[in-house]
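The values are calculated or read from the model by the stated rules, or taken from the named source; none is laboratory data. Owing to the predicted nature of the structure, the values given are computational and were not obtained by experimental measurement. Quick reminder, even Gly has a Cβ in these numbers, built from the backbone with ideal geometry, and neighbours come from all protein chains shown. Note: accessible area is taken over every heavy atom of the protein model, side chains too, but ligands, DNA and RNA are not part of it. Shrake-Rupley method; radii C 1.70, N 1.55, O 1.52, S 1.80 Å.
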Amino acid sequence: MKHIPGFDNITDVLSRLCSQTDAAFDEESEHFLLTVGDGPIAITLEEIKKETENDKILQSVIKSLDSGDWPLDLVRYQAFSKELGLREGIVVRDERTTVILKRRALEIEHRGHPGVFSMRRRLRERVWWPCMDNDVGSMVQKCAGCAAVSKQHPPKPMLRKEIPDRAWQEVAIDFFSAKDCATCPVLVYYYSRYLKVVEMKTTNAGKTIEALETIFN
C-alpha cells in the first residue's frame, strides 16, 4: 500500500481540479451588477383601502352591511353576510381581508409553482374574495410551470392477487398488534382467504416458528 497525498491524487475531481487562488479584483475595469426581481410585491393595507374606496362593488357591500338590504348583484357576498364586517374602511371576512387586487394576490402566492392546494391554503389564511378557490384552480390549470413540476408518474393501481390452484399453495403472514394486548401472527392462505390467528407474547424468530408450526401441523 502506497500513500499518495491528496494534492497529488486527482480522484476527487470536484475538489482537486478547482483553482486554489482567486483572481485579483481589478479596480480599474468596468463592473456590472445584475438584479433579479422577486416578482410582485406584497399588497399593503393602504393599497387595499384605496382600492376599496374606488371599487363600486365593495362600496355597495359596505352599504348593504349597514342597511341589511342586499341587491341581486351582491348575492355572492350576501352568502357570507354573517361573516363579513368593516374594519378601518376595509371589508373583512372574519380575520381575512377582502381584496380587489385578485390577480396580484394570485401572482404573489403562485411564486415557485406551489400547486393548487398550497396556493388555496396560503390565500385562505390572509385574504378572501368570492370564488377565490375557482380562480386559483383556473390559474394553476393554465400554468405550464405548474404542470412541469406536478407529479408526472402517479402510482399504478393495486392489483389483486390471483387465486392459486389449490389450498395452502400460497399464504401471507403478518403480525397484528392490539394496544395493551398480545401480538398475533395472522396467516391467510389465498385459496379461500381463510384466517389463522395465534396469540403470542414474544415475537422473536423462535417463538414465531413455534406459532407457525401449530398452524401447519
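Taking each residue of the range 64-81 that is farther than 20 Å from TRP128 by Cα and looking for partners that are open to solvent by less than 60 Å² (accessible area, probe 1.4 Å) and of a type in the set (Gly, Ala, Ser) with beta-carbon atoms closer than 9 Å, six or more apart or interchain, yields GLY68/SER81; PRO71/SER60; PRO71/SER64. In contact with a Pro (Cβ under 9 Å, 6 or more places away or on another chain) and acidic (Asp, Glu): does that describe GLU107? Answer is yes for this residue. Taking the range 109-209 as the region of interest, none of the helices (runs of 4 or more DSSP H) fully inside it holds 2 or more residues being in contact (Cβ under 8 Å) with a residue 24 or more places away in the chain, of a type in the set (D, E, K, R) and surrounded by 11 or more Cβ atoms within 10 Å (Cβ to Cβ).
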